[in-house]
Each structure stands twice: as C-alpha cells, then as structure tokens.
Amino acid sequence: METSDKFEFSRPIAIDVLDDGDNQFDISADDEERQALARRFDILSIERLEASLRLVPGMGGIRINLHGTVTADIHQACVITLKPVSATIEATFERAFGPQDSYAPGAEIMISPDEDDPPDPIYSGTIDVGEVVAEELSLELNPFPRSADAAFDGYSSGGDGQGIDEPIEGPFARLADLKKK
C-alpha cells in the first residue's frame, strides 16, 4: 500500500509525529470520498464511513501497530433482483507496519499460516490510515448480497432430484446431441 493521491480516502499520518504511547485518530469520509469508494467497490452507495484508530509504536519506533474499528452504512445491489440491500458494517481489525527498507523489490516473502503476517511497509515515513480503512471495508462487503424477498428457483444443488427429468438447454446440450449422432 503506497501513499499517494490516487486513493479515494487518503489520510496519511507521519510516523515521526507519533507519541511513544497510544495515538488515537478518528476519521470519517466525506460525501465525495464515499461516492468514489462506492464506484471503486462497485456497490450502490456508502452512506457513512467512520473509523476509530489507535496507532502504537513498538520496537524502538521501527514497528507500528494499528488497532482499528470501521463502521459503515452501505447499499449493495441484490445478486438476484438487483434491488438495493442495506447493511451496517462494524468490524475491528489489526495491522502492523514496518520500514520499507526490509522489503527488497521483487524479493520473495515467505508467509507461514501459523505465524502473523509480515508488517506492511511504511512508505516515505507515513501510513495512510484512510486507505487501510478502505481496504478493511472492502474485506467486510458481502460478496453475494440478497434482499429478504429474493427467490431463485433456477438451480438446485440439493439431492432431491428436482430438475433431473427436464430437458437440458443451451450450447452444451446441442453439443451432446451432436455427440449422440
């Protein structure tokens, strides 16, 4: 994650201004930022996006730990009816940041499933906490939102035998017919 103007919700924080203890930051996205993030995540709208963040320097200032809570009110399109589906997201997360020098360009980084993830690099002495919040929001979005009244009867994965005797249609059915001939 590189700090830059390309992020829709950018809130860079210089690590050299952080106190030794906890550093509390509360951020929220304005209307323009929420609209840009909604386009980025291909959802209908983001009505509210707020985060409460705590940055804690550790290991002599070399590593920064971020503890955060993101809260958002969003609208996504139902995957069946395309009607708006409202959702409130409340999630906590933790991230660690370390010096960019420890990452050689193109170097292979070994990640063990039993260990913590390696720290994200700190670019130009700053951490863009807005982009971190945007990334965490994207991880919390429902990939298949469904409205309460949505019904999809076109497919059954159950073993009840429904649909077995119906003729199969489509290009592969025609290929199957050609194979029989």
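The values are calculated or read from the model by the stated rules, or taken from the named source; none is laboratory data. What you are looking at is a predicted structure, and each value in this text was computed from that prediction instead of being measured. Positions of Cβ are generated from backbone atoms using ideal geometry, with glycine treated the same way; all protein chains shown enter the neighbour counts. For the accessible areas, the whole protein counts, side chains as well, though only heavy atoms, and no ligand, DNA or RNA atoms are used. Shrake-Rupley method; radii C 1.70, N 1.55, O 1.52, S 1.80 Å.
Is it fair to say Phe97 is modelled with pLDDT under 95, buried (at least 18 other Cβ atoms within 10 Å of the Cβ), assigned to a loop (DSSP other than H, G, I, E, B) and among the aromatic types (Phe, Trp, Tyr)?
So Phe97 does not fit the description; no.
Go through the residues of segment 24-37 one by one and say whether even a single one is closer than 15 Å to Glu90 by Cα and within 19 Å of the chain's Cα centre (by Cα).
There is at least one residue in segment 24-37 that is closer than 15 Å to Glu90 by Cα and within 19 Å of the chain's Cα centre (by Cα).
From the list Arg48, Arg54, which one is open to solvent by 40 Å² or more (accessible area, probe 1.4 Å), over 16 Å from Leu137 (Cα atoms), modelled with pLDDT of 95 or more and charged (D, E, K, R)?
Among Arg48, Arg54, only Arg54 is open to solvent by 40 Å² or more (accessible area, probe 1.4 Å), over 16 Å from Leu137 (Cα atoms), modelled with pLDDT of 95 or more and charged (D, E, K, R).
Would you confirm whether any residue within segment 66-73 is open to solvent by less than 70 Å² (accessible area, probe 1.4 Å), over 17 Å from Val129 (Cα atoms), charged (D, E, K, R) and touching a residue at least 12 places away in the same chain (Cβ under 8 Å)?
For segment 66-73, residues open to solvent by less than 70 Å² (accessible area, probe 1.4 Å), over 17 Å from Val129 (Cα atoms), charged (D, E, K, R) and touching a residue at least 12 places away in the same chain (Cβ under 8 Å): present.
Quick check, is Glu2 outside any strand (DSSP E or B), open to solvent by 20 Å² or more (accessible area, probe 1.4 Å), at pLDDT 95 or above and farther than 13 Å from Leu137 by Cβ?
No.
Filter segment 124-176 down to the residues that are at pLDDT below 75 and surrounded by 10 or more Cβ atoms within 10 Å (Cβ to Cβ), then identify the one that is nearest to Glu8 (Cα to Cα).
Phe152
Here are the criteria: (1) in a strand (DSSP E or B); (2) hydrophobic (A, V, I, L, M, F, W, C); (3) surrounded by fewer than 16 Cβ atoms within 10 Å (Cβ to Cβ). Tell me which single one Ile80 does not satisfy.
Looking at each condition in turn, Ile80 falls short on (1).
Anything in segment 7-32 that is without any contact (Cβ under 8 Å) to a residue 40 or more places away in the chain and outside any loop (DSSP other than H, G, I, E, B)? List them, or say none.
Val17, Asn23, Gln24, Asp26, Ser28, Asp31, Glu32
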